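The values are calculated or read from the model by the stated rules, or taken from the named source; none is laboratory data. Bear in mind that the values here come from a model prediction, so they are computed numbers and not experimental data. Backbone-built Cβ (ideal geometry, glycine too); neighbour counts: all protein chains shown.
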Amino acid sequence: MRARFDYMAAMLDDPTTKRLRWRAHHRGTKEADRMIGGFFDRHHQQWDAQEKALFETLLEEQDVDIMAWAIGTQPVPERFQGEMMIAMQRLDYLPIDR
């Protein structure tokens, strides 16, 4: 059975990936940690260097903005429009508490 959160994941080899994981999971609020960190956990293994760079740029934005773009309450800026944001907007990477 998979744990709700994978905070104790095996160490990642790539320093960039380690840094991105840390930043994705330590946003400042539980909601942002779950949304942004959960998205990273689900998708980062498929990313190439360009996609990692885009995600790193996304992490520079305010959590409330990222979350608003993901749930569709604010328009996505052109620089973040594309496959990554479409995947983030699916929200299928978030565990549901029961």
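What to note about this one:
- Top-ranked residue of segment 79-91 - restricted to ones that are farther than 10 Å from Phe39 by Cβ and exposed (fewer than 13 other Cβ atoms within 10 Å of the Cβ), ranked as farthest from the chain's Cα centre (by Cα): Arg79
- Residue within segment 85-97 that is farther than 21 Å from Thr16 by Cβ, assigned to a loop (DSSP other than H, G, I, E, B), modelled with pLDDT under 95 and charged (D, E, K, R) present: yes
- The one condition in (1) loosely packed, with under 14 Cβ neighbours inside 10 Å; (2) over 15 Å from Met85 (Cβ atoms) that Ala32 fails to fulfil: (1)
- Residue satisfying condition, being touching a residue at least 60 places away in the same chain (Cβ under 8 Å) and basic (Lys, Arg), within set Arg23, Arg34, Arg79, Arg42: Arg34
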